Amino acid sequence: MEAGVQVQDIFKTSSVTLKTNWQNQNLRIHDYADTPFFRVTFSYRFGNYSKKERKEIDKSRFDR
């Protein structure tokens, strides 16, 4: 059994403000995080699960 928790900026504290005043250009950009999330995952493997053996890839032809 495996369990996991992942949290990203759930309080929306990540924001970026850019201000540029150069010659005749006055620019102001506000960028806010728009994807805060809280994720909980569980996984359970039934029976006598085991990973399959995988063949090694032949990389000899890539060496020059």
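Remarks
- For the range 16-64, filtered to residues that are within 30 Å of Ala3 (Cβ to Cβ) and among the β-branched types (Val, Ile, Thr), the residue that is modelled with the lowest pLDDT is Thr35.
- Pair list, Cβ under 6 Å, 6 or more apart: the range 1-23 residue in contact (Cβ under 8 Å) with a residue 24 or more places away in the chain, other residue open to solvent by less than 80 Å² (accessible area, probe 1.4 Å) and in a strand (DSSP E or B): Glu2/Ser43; Gly4/Thr41; Val5/Val40; Gln8/Phe37
- Any hit, the range 42-61, residues being under 22 Å from the mean Cα position of the chain (by Cα) and without any contact (Cβ under 8 Å) to a residue 40 or more places away in the chain: no
The values are calculated or read from the model by the stated rules, or taken from the named source; none is laboratory data. What you see is a predicted model, and the numbers here were worked out from it, not measured in a lab. Glycine gets a Cβ as well: all are built from the backbone with ideal geometry, and neighbour counts include every protein chain shown. To get the accessible areas, we keep the full protein, side chains included, count just its heavy atoms, and leave off ligands, DNA and RNA. Shrake-Rupley method; radii C 1.70, N 1.55, O 1.52, S 1.80 Å.
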